[in-house]
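Written below as structure tokens is the structure these notes are about.
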Amino acid sequence: MDPRFQEIPRERVADRIANELLRLITSGELAPGERLPGERQLADMMGVSRVSIRAALQQLKAQGFVTAVQGGGTRITAAADQLDSALARLVRSNRDNLHDLAEIRSKLEVWAARRAAERATPEQRTEIDRAFVTMTAAGRPSRFKAEDDLNFHLAIAKASGSAVYLHLMSVLGDILEQMLTFHRYSLYATPADDQRFTQQHRAIWSAIKARDGDAAAAAMQDHLSTVLSRYEESSIPPEEAGPQNEVKGSAGG
């Protein structure tokens, strides 16, 4: 036997599934924060067994690329949990850091809105449409304001077509969710604020639908400049913000 030549192990179906899902994650086709279809649906779409799907998801969970969702299901994360925790502590330790994060986010999201308008696929536009329709639905409970806002911005991030940008967003992780909760329930908590945000989101959505990159960038800039303008006026720490502090009224996001 020649020791230079080793037997090549057969790749398990679960390994091939995990590699394919990882390819979709690293390419940005599966975005951080996105919820995967259920095991049965994934098995049907990929032509494999649910057992193999479950084993593949366990591999990706162990590597930190996906996480279980309370109530069932799996969501895309990123191997950035430690960075996220450090960032969250940094922001909570000093209010100026939250302002800095909002300012940095405004630069990134203006770029993403332009890219989404110019490059989004029909499927990605449909996802943005769905997020906007959900957030502006009549009678939508106000407890979903921050979640709907986050989903709208994540849909735009995915439509930018940039895996690098998506993973930058994933590093923000929970702190972005905390930031939007602070915005929607403390910084801008009145029905008039909700209406303003709805109008601004509508302008962003309309520009992306029209494939107008300049208009999308301008609309996003206007929206995030509004947020930044009130930071200096507000004194509510973000960790104290939440649905319990909301003003009842319009749920526009």
Only listed residue being crowded, with 17+ Cβ neighbours inside 10 Å and closer than 24 Å to ARG125 by Cβ, chosen from LEU187, LEU180: LEU180
Count of region 119-143 residues which are crowded, with 18+ Cβ neighbours inside 10 Å and within 24 Å of PRO191 (Cα to Cα): 6
Selection over region 124-148 where residues are over 16 Å from SER206 (Cα atoms), part of a helix (DSSP H, G or I) and either touching a Lys or Arg at 6+ places or on another chain (Cβ under 6 Å) or among the charged types (D, E, K, R) (or both) yields a count of 5
Picking from LEU154, LEU168, LEU172, which residue would you name as being in contact (Cβ under 8 Å) with a residue 40 or more places away in the chain and surrounded by fewer than 20 Cβ atoms within 10 Å (Cβ to Cβ)? LEU168
Quick check on GLN41: is it outside any helix (DSSP H, G or I) and either in contact with a Cys (Cβ under 9 Å, 6 or more places away or on another chain) or open to solvent by 40 Å² or more (accessible area, probe 1.4 Å) (or both)? no
Based on what the data block shows, is LEU180 under 14 Å from LEU108 (Cβ atoms) and assigned to a helix (DSSP H, G or I)? no
Residues (touching a strand residue (DSSP E or B) at 6+ places or on another chain (Cβ under 6 Å) and among the basic types (Lys, Arg)) located in region 32-56: ARG35
Tally up the residues in region 98-122 that are of a type in the set (S, T, N, Q) and assigned to a helix (DSSP H, G or I), please. 1
State all residues of region 22-37 that are touching a residue at least 40 places away in the same chain (Cβ under 8 Å), open to solvent by less than 40 Å² (accessible area, probe 1.4 Å) and of a type in the set (A, V, I, L, M); if no residue qualifies, say none. ILE25, LEU30, ALA31, LEU36
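The values are calculated or read from the model by the stated rules, or taken from the named source; none is laboratory data. Please read these numbers as outputs of a predicted model, since none were measured by experiment. Positions of Cβ are backbone-derived with ideal geometry, glycine not excepted, and every protein chain shown enters the neighbour counts. Ligands, DNA and RNA are stripped out before the accessible areas are found, and what is left, the full protein with its side chains, is counted by its heavy atoms. Shrake-Rupley method; radii C 1.70, N 1.55, O 1.52, S 1.80 Å.
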